[in-house]
Amino acid sequence: GLGDVYKRQILGCIYSGIASPTEAAVISVFYALIISMCIYRTLKFRDLKGVLVEAIRTFAPILFILSAAVAFSRIITLLQIPEMAGDFILSTFSGKVAVLLVINVLLLIVGMVMDTSPAILILTPILIPITNSLSLIHISEPTRQAEISYAVFCLKKKKQKNNQNITSKKKNSY
C-alpha cells in the first residue's frame, strides 16, 4: 500500500546516501502533512496553525537545551578542559581496558542525569582526544551518511570487479 511505498522511499534515501536520517525525518513530516491534508483529509488547512503552534511549544524547550549544551561545549573547549581531562585520564589509567571502563562509568553517570543529545555535545570534545590518543576508536568528522555512502561505493566497486572477472573468464573460455 501507500505506507510501504513511503517506507521504501524514506529508507532508500537514507541507505543510498541521498539524505541523512535527519533530512529523511523532514521529508517524512512533509509527506505526512501532504497525505493527511490531501488524501485522508483528516487535517484541514485552518487547523494547520494550531498544529504548528503545538509543535513549536514542544520543540522550543529542546532547542534551548541543545543551544545551551552547544554553548557549554564551546566554553569547555576554549578553556582546554578536554586536554586537561585527557591528560588526567591518560596519566591515571594506563591500559586501554581501564580507560574504556572509565569512559563507560562516565557515560553511565552522565546518562543518568542528562539527556542524550546534550551529553553527546558536551562529552564529544572531551572523549575524542582520549580515544584517538590510545588508538581505541578513531572518531573523526565523517557522519554516518558518509560511512554508508562509502560502504555502497565499496559494494559497487566489488560488484564491478566481480562482473569484470566473470566477463574475462567467459572470454578466456572461448
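The values are calculated or read from the model by the stated rules, or taken from the named source; none is laboratory data. As the structure is a prediction and not an experimental result, all values here were calculated from the model. Cβ atoms come from the backbone with ideal geometry, glycine included; neighbour counts cover every protein chain shown. Accessible surface is based on the protein model in full, side chains and every heavy atom, while ligands, DNA and RNA are left aside. Shrake-Rupley method; radii C 1.70, N 1.55, O 1.52, S 1.80 Å.
Let me understand the range 61-130 better: what is its radius of gyration from the alpha carbons, and its Dmax, in angstrom?
12.8, 41
How large, in percent, is the carbon and sulfur part of the accessible surface of the range 20-71 at a probe radius of 1.4 Å?
76
Sorted from largest down, give the three principal axis spans of the alpha carbons of the range 17-122, whole angstrom values.
Sorted largest first, the three principal extents are 63, 27, 26 Å.
Note down the accessible area of Lys49, probe 1.4 Å, to the nearest 10 Å².
The accessible area comes out at roughly 150 Å².
Given axes a ≥ b ≥ c from the Cα gyration tensor, I'd like to know whether the range 18-79 is rounded (a/c under 1.5), prolate (a/b larger than b/c) or oblate.
oblate
Just the accessible area for Asp4, please: 1.4 Å probe, Å², rounded to the nearest 10?
Approximately 70 Å² for this residue.
Efficiency by 1/(1 + (r/R0)^6): what FRET value for Asn104 and Tyr40, r their Cβ-Cβ distance, R0 = 45 Å, to the nearest 0.05?
Between Asn104 and Tyr40 the formula returns 0.45.
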